[in-house]
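Engineer: Please find one structure pasted underneath; my questions will follow.
Read-outs: derived from the displayed coordinates by stated rules, not from any lab. Remember, it's a predicted structure, so these values are computed and weren't measured experimentally.
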Amino acid sequence: MKNDDHIVIYISKETTDNVCEECRKEDESVKQNLIMYSYKICNSCNLSKTIFPL
Ligand SMILES: [Zn+2]
């Protein structure tokens, strides 16, 4: 199959904005938090940061 390149590009494009920079997990909340806080962070990391600020 020669469709591999296409798939890789599509996936990386889709997930770039949804990957948390803290835990490297993909989550829908990352995009929302990026808009709200300008941080690429998921809700669980955001919560732990709020509870235990560094
Ligand atoms: Zn996270």
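Engineer: Quick one: which residues, 5 or more positions from Glu26 or on another chain, have an amide H under 5 Å from its amide H? H modelled 1.01 Å from N in the peptide plane, none for Pro or chain starts.
Structural biologist: Cys20
Engineer: Tabulate in residue order the Karplus-calculated ³J(HN,Hα) for segment 19-35, using 6.51 cos²θ - 1.76 cosθ + 1.60 with θ = phi - 60°, rounded to whole Hz; enter x for Gly and Pro.
Structural biologist: 9, 5, 7, 7, 10, 6, 9, 8, 8, 5, 5, 4, 5, 5, 6, 5, 6
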